[in-house]
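This report refers to the structure that appears directly beneath it.
Bear in mind these aren't lab numbers, they're just calculated from the coordinates by the rules spelled out. Keep in mind the model is a prediction, meaning the values are calculated, not measured. Neighbour counts run over all protein chains shown; Cβ positions are idealised from the backbone, glycine included.
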Amino acid sequence: MIAGVVVPAHNEQERLSACLAALGDATVVVVADACADRTAEVARRGGAIVVEVAERNVGAARAAGVRELIGRGVSWVATTDADTLVPTGWLTAQLRLAARRWDAVAGTVSVADWTGHPPWRPAAFARRYARDTPVHGANLGFTAEAYLAAGGFPALRTGEDHALVEAMEQAGRRVLRTTEVNVTTSARLRYRAPHGFGHLLATLEP
């Protein structure tokens, strides 16, 4: 199975290099969305294929990256974010699950650096995570066939990951939500997606 990774990025020149280094020799498409900095340059220097758009919309950006990969013959697409670090073997772990006939894999996220957050927030995050079923664009993978059958990522500024997974499930596709595939993402206070992961953290209560 041919695999590739989509990374949407809006003004991510500071964090993107580490993200790409963690992805290793994977085929990566960075979608530079309405960037006013050197995101596209950093992506090319890091060995990524670059697609430039001016959407200011993470759903549209992810969709553009998936189109590029499918056009190149990729049959398994993984998505992550520019402020996220995947562990060694992340893509291989998804492919092992794909070999077990899962159409999509929705993994979890961890936070390593809580700088700037109140001391009670990590525990509040852990409690919230324990009771919710996670879906994160920063840790998602799926077959091209399942993606197309579900209609692809909708052009939403936030929640595009949840919408895609729900559409896949409604289309009868097998979606595995698992804690066994995990990535580390940032808990930055100036988050990009309204009502996304950063907003979730900011609205947690002690």
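Just a few scattered comments:
- A cut-off under 9 angstrom between Cβ atoms defines the neighbours of A146, and their net charge, with Lys, Arg +1 and Asp, Glu -1, is 0.
- Per residue, the convex hull spanned by the alpha carbons of the range 3-202 comes to 108 Å³.
- Inter-label distance for W120 and R44, nm, one decimal - labels placed 7 Å from Cα along Cα-to-Cβ: 5.0 nm
- Taking the centroid of alpha carbons for each part, the range 19-42 and the range 66-80 are 15 Å apart.
- E12 long-range amide H proximity, modeled H, under 5 Å: T39
- The trypsin sites (Lys or Arg not before Pro) found in the range 109-163 that occupy coil by DSSP, while having at most 16 further C-beta atoms within 10 Å, are R157.
- Only Lys, Arg, Asp and Glu carry charge here, each on its Cβ (+1 for the first two, -1 for the last two); on that basis the chain has a dipole of about 300 debye about its Cα centre.
- Computed from the C-beta positions of I2 and E180, the FRET efficiency with R₀ = 22 Å rounds to 0.45.
- By DSSP, the beta bridges lying fully in the chain are antiparallel in about 30 percent of cases.
- Per-bin percent of Cα-Cα distances, the range 1-72 [10 Å]: 23, 57, 19, 1
- The length gained on full extension between S75 and T92, counted as 0.36 nm times the residue separation minus their Cα-Cα distance, comes to 4.7 nm.
- Most fluctuating residue given options V51, V105, V31, as computed from a GNM of the chain linking Cα atoms under 10 Å: V51
- Unit charges at the beta carbon, dipole of the range 3-202: most positive-side option, G116, T79, V50: G116
- Counting only DSSP H runs of at least 4 residues, each contributing -39500 (n - 2.57), and dividing by the residue count of the chain, the helix-based mean residue ellipticity at 222 nm comes to -10000 deg cm²/dmol.
- Between E52 and S17, the simple label model (points 7 Å from Cα in the Cβ direction) yields a spacing of 2.1 nm.
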